[in-house]
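Asker: Got a structure for you, written out below as structure tokens; questions coming shortly.
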């Protein structure tokens, strides 16, 4: 086998569905992507049909998404269609063998909307907003504990507690839409799973109990 290194020029495209930023190789999460690689030999001619190319793609945590699978040969390029289910930076290795042999490596990014990583302004804005929201949620937690311990949770207190949860839901929506930072998203999801109890279920139950206790006291006062 001739060991002349192939010239593997990268052409990334997306088929019918999905979004791509061709300049930075950024794809949208949960979309099918058709990776296309053009292969040229040492004389800058297209590789012959006898040349076989295999593809390996690795998740951001470096586990294999595609492990040394044969790519389709379409005369002008080799291609492989795959599904990106996680956000982050993927690494790709293409190895070709035949009359000539060579390889190419490259990375591509998967984000929530197929756009590039958020700007420094967006990172600062959402990080600062998250910090402010965290302080507010912590304060509301202490307020809920105080009212539950004394069983004097009125309707206003209940609505305030619930509004904190729904505020976090709105923040979570915009984070996923514009920021898509996994650490922030994971923390928000953890908070939401806890707050469904601390800011929705417990305040509602405390309000009901408070209402019943108040009603019983009123009835007792009339007897």
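Asker: Which peptide among 48-55, 31-38 comes first, and what is the full order, when sorted by highest mean count of other Cβ atoms within 10 Å?
Answerer: 31-38, 48-55
Asker: Among 155-165, 73-83, what's the highest-first ranking by average C-beta atoms within 10 angstrom per residue?
Answerer: 155-165, 73-83
Asker: Next up: Which values of log₁₀ I(q)/I(0), to two decimal places, follow from the Debye formula for the range 120-222 at q = 0.13, 0.15, 0.17 Å⁻¹ with a uniform point scatterer at every Cα?
Answerer: -0.53, -0.65, -0.76
Asker: Taking 7 Å along the Cα-to-C-beta vector as the label spot, tell me the residue 160-residue 97 distance in nanometres, rounded to one decimal.
Answerer: The modelled label-to-label distance comes out at 7.1 nm.
Asker: Further, regarding this structure: Can you pull the one-decimal nm distance between simple spin-label points at residue 44 and residue 69, each 7 Å off the Cα toward Cβ?
Answerer: 3.4
Asker: Test of understanding: what is the full-extension gain from residue 62 to residue 169, defined as 0.36 nm times their sequence separation minus their Cα-Cα distance?
Answerer: Difference between extended and current length: 35.4 nm.
Quick note: the coordinates plus some simple rules give every number you see, no bench work behind them. Owing to the predicted nature of the structure, the values given are computational and were not obtained by experimental measurement. Every residue, glycine as well, gets a Cβ built from its backbone with ideal geometry; the counts of neighbours run over all protein chains shown.
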